[in-house]
Amino acid sequence: MPTSERLRPDAADGQLLARSEARLRRWVPPLLSLLVLLAGVVDVISVLTPEIRERLHAVAEVIGGPAVRTASAGALVLGVVLVLLARGLRRRKRRAWVGALVALVLSAVLDVLKGLDVEEALLSLAVAALLVGYRKEFAAAGDPRTRWRGLGAFGVLLVTSVVLGELLVVSRLRAAVGPHGFGRQLQHVVYGLVGVHGPLVFRTDRSDDFVTRGLFGLGLLTVVITLYLVLRPAEPQARLAADDEERMRALLARFGDRDSLGYFALRRDKSVLWSPSGKSCIAYRVVSGVMLASGDPLGDPEAWPGAIGAFLDEAARHAWTPAVMGCSEQAGTAWQRAGLDVLELGDEAIVHTDAFSLDGRSMRNVRQAVGRVERAGYDFSVRRARDIPPAELEAIGHAARSWRGAETERGFSMALGRFADAADGDCAVATASKDGRLAALLHFVPWGEDGLSLELMVRDRAADNGMNEFLIARLLDACPALGVARVSLNFAVFRSALARGERLGAGFVLRAWRSLLVFASRWFQIESLYRFNAKFQPDWEPRFVCYPAARDIPRIAVAALEAEAFIVWPLPRLRFLQGIVGGPHPAVRA
């Protein structure tokens, strides 16, 4: 297992913890969501299994056979609806509560009409009564844009289903009996989408079943996708307002030296929440239902509790899972006082420029790499972005994009997501070139008045090996002239486990965990980043992840990988589904 360290909360801050625990009775939403799921499954099974003949005849004599079949189709649709609504109920969504209550009552009525299924009806009514009794537990708000997007998708899907249904009917018109003009065809399609047999009559049961099942399948698919869109976790389009950015830069000017990740809060695909005093804020993005922040809150540490409280309240209001990636120990303590659990995630490599030297046996490999690149004729340059002519700066950015090619740009917690912006004049650009041609680039954001934090590291694939070592070593040598005393390099996830797992006498569990990390490094560069950072003999500063409960860790891990663009879902790339899934991933840029 990974090395973990629980931070000790201060008993004086018990009020924040009590407030977070008193927000809701945590057992109610999961239990009722399970009961609604059970009611939906029971409805589906009852439709698919043979009815009790005596009950069916009794109902058919009163309301007629077609009405019984319509009730059965409706019960099947409502059963599927309840299964889908269960997920929203688990997340305390108010819309899911309303939808489930309506669906349960209608389901109870249809259970009686389709065959006097009193047992299923009583189950639905009992679950509906529990929902009414615990209605206060389902108050999570949704994003209006999610609702409109779902309704828009419903219109598109409905039109598509009608067109496909018409083609389905046309393909079997030769088997139709009697008049079958376009009006009757369209009527048959519309009826079939809701599970009702239309006016067309077919000569064979095979053709009739083919059309009926096909139309009902299209209708069911339309309902399922629409409900998924309406009830899925709301993911508002994050945009950093100009006013917020100006206020955040003022906080960085006063408190920016506290956290090397502070400047990355200025990513413009993040949203921001402020403390009541306005002296602190937290930037975040919602990914797959996880409200994800990174680094420490900006601003005065005394105002952190107010920003943290606003963050947790917003997460509770929308039923998002709150999480923080890569915060410091001081911030981790503040988050734990607010009710979150804290585990060590890894270490940040920080090099103090006054102590850096290429001398000594431990720096032999770096020294050789630097010497090899210098002998190959490469030149080094480092300048603040504001000191680089605009045309040259634009050319550097163009080269960086061309080197990356079609690869997805990764980064959320330690990436700015832009280059050569007029507002980022304090950023430092280190380049290597040969015969006037650019070969590699390092981009650093400011860390207070005397620090830099690595944001981007790219190079021409045709450049000589050792280029990154050359750039970092020469940058560290040039830092005193820039007024820089410390440089933050890459973040090494699970560094302590990798380091301790290879030591003499490491236990079986630690060695097994290290082996797993090494295996995962084939895809996520866990070990390679640690090895690269270790070459420069940095100080290791621990970073932590904050989460509500252990059961949320897998979900938070997937959201973090998605935010960092290690996981890129293929669907956002399809323009047809862009309105359905919410547009392209914010980390995917041309």
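The values are calculated or read from the model by the stated rules, or taken from the named source; none is laboratory data. Given the structure is predicted, the values throughout are model-derived calculations rather than measurements. Here the Cβ positions follow ideal geometry from the backbone for every residue, glycine too, while neighbour counts run over all protein chains shown. To get the accessible areas, we keep the full protein, side chains included, count just its heavy atoms, and leave off ligands, DNA and RNA. Shrake-Rupley method; radii C 1.70, N 1.55, O 1.52, S 1.80 Å.
Given the criteria open to solvent by less than 30 Å² (accessible area, probe 1.4 Å) and farther than 24 Å from L157 by Cβ, does L200 qualify?
Numbers: open to solvent by less than 30 Å² (accessible area, probe 1.4 Å): yes; farther than 24 Å from L157 by Cβ: no.
Considered against the rule, which asks whether it is open to solvent by less than 30 Å² (accessible area, probe 1.4 Å) and farther than 24 Å from L157 by Cβ, L200 comes out as no.
With the requirement that a residue be closer than 18 Å to F380 by Cα, open to solvent by less than 30 Å² (accessible area, probe 1.4 Å) and not hydrophobic (A, V, I, L, M, F, W, C), what does the range 469-510 give you?
E469
Residue by residue through the range 298-347, note down the ones that are part of a loop (DSSP other than H, G, I, E, B) and over 17 Å from A559 (Cβ atoms). Before the answer, list the steps.
Keep residues of the range 298-347 that are part of a loop (DSSP other than H, G, I, E, B), which gives 300, 319-320, 328, 338-340.
The answer is D300, S328, A338, G339.
What number goes with the only condition from (1) part of a helix (DSSP H, G or I); (2) at pLDDT 80 or above; (3) more than 25 Å from L89 (Cβ to Cβ); (4) open to solvent by less than 30 Å² (accessible area, probe 1.4 Å) that L240 does not pass?
With (1) part of a helix (DSSP H, G or I); (2) at pLDDT 80 or above; (3) more than 25 Å from L89 (Cβ to Cβ); (4) open to solvent by less than 30 Å² (accessible area, probe 1.4 Å) applied to L240, the lone miss is (1).
Which of the following residues is assigned to a helix (DSSP H, G or I) and within 28 Å of R543 (Cα to Cα): A430, A400, A473? Working first, answer last.
Values: A430 fails: assigned to a helix (DSSP H, G or I); A400 fails: within 28 Å of R543 (Cα to Cα).
After ruling out the rest, the residue left standing is A473.
Applying the selection to the range 273-328, what residues are among the aromatic types (F, W, Y) and within 23 Å of R87 (Cβ to Cβ)? Please lay out each step first, then the result.
Taking the range 273-328 as the starting set, the residues that turn out to be among the aromatic types (F, W, Y) are 274, 284, 304, 311, 320.
Within the range 273-328, Y284, W320 qualify.
What's the number of the condition F491 fails, among (1) more than 27 Å from H398 (Cβ to Cβ); (2) out of contact with any strand residue (DSSP E or B) (no Cβ under 6 Å at 6 or more places or on another chain)?
(2)
Going by the conditions given, is S381 polar (S, T, N, Q) and either over 24 Å from G262 (Cα atoms) or not in a strand (DSSP E or B) (or both)?
yes
Restricting to the range 545-559, give me the number of residues that are surrounded by 18 or more Cβ atoms within 10 Å (Cβ to Cβ) and more than 14 Å from the chain's Cα centre (by Cα). Spell out how you get there, then give the answer.
Initially, the range 545-559 is screened for residues surrounded by 18 or more Cβ atoms within 10 Å (Cβ to Cβ), giving 545-548, 556, 559.
Restricting the remaining residues to those that are more than 14 Å from the chain's Cα centre (by Cα) gives 545-548.
Qualifying residue count for the region: 4.
Every residue in the range 304-325 that is small (G, A, S) and open to solvent by 10 Å² or more (accessible area, probe 1.4 Å), please.
Within the range 304-325, the subset small (G, A, S) is 306-307, 309-310, 315-316, 319, 323.
Scanning the range 304-325 gives G306, A310, A316, A319.
Kindly indicate the residue of the range 372-402 that is open to solvent by 40 Å² or more (accessible area, probe 1.4 Å), under 34 Å from the mean Cα position of the chain (by Cα) and not charged (D, E, K, R) and also modelled with the lowest pLDDT among those meeting that condition.
The qualifying residue modelled with the lowest pLDDT is S402.
For the range 110-134, how many residues meet the condition of being assigned to a helix (DSSP H, G or I), under 19 Å from L38 (Cα atoms) and modelled with pLDDT under 85? Quick ask: steps written out before the conclusion?
Looking only at the range 110-134, we keep the residues that are assigned to a helix (DSSP H, G or I), and these are 110-113, 118-133.
Filter once more, so that each one left must be under 19 Å from L38 (Cα atoms): 110-112, 118-133.
Next cut, modelled with pLDDT under 85 only: 110-112, 118-120.
Going through the range 110-134 one residue at a time, the tally reaches 6.
Here's the yes/no breakdown for (1) at pLDDT 90 or above; (2) more than 24 Å from G295 (Cβ to Cβ); (3) assigned to a strand (DSSP E or B):
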{"residue": "A492", "(1), (2), (3)": "no, no, yes"}
{"residue": "W513", "(1), (2), (3)": "no, yes, no"}
{"residue": "S528", "(1), (2), (3)": "no, no, no"}
{"residue": "F532", "(1), (2), (3)": "no, no, no"}
{"residue": "Q537", "(1), (2), (3)": "yes, yes, no"}
{"residue": "F544", "(1), (2), (3)": "yes, no, yes"}
{"residue": "W569", "(1), (2), (3)": "no, yes, no"}
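Among (1) closer than 28 Å to E374 by Cβ; (2) open to solvent by 20 Å² or more (accessible area, probe 1.4 Å); (3) among the β-branched types (V, I, T), which single condition is T431 missing?
(2)
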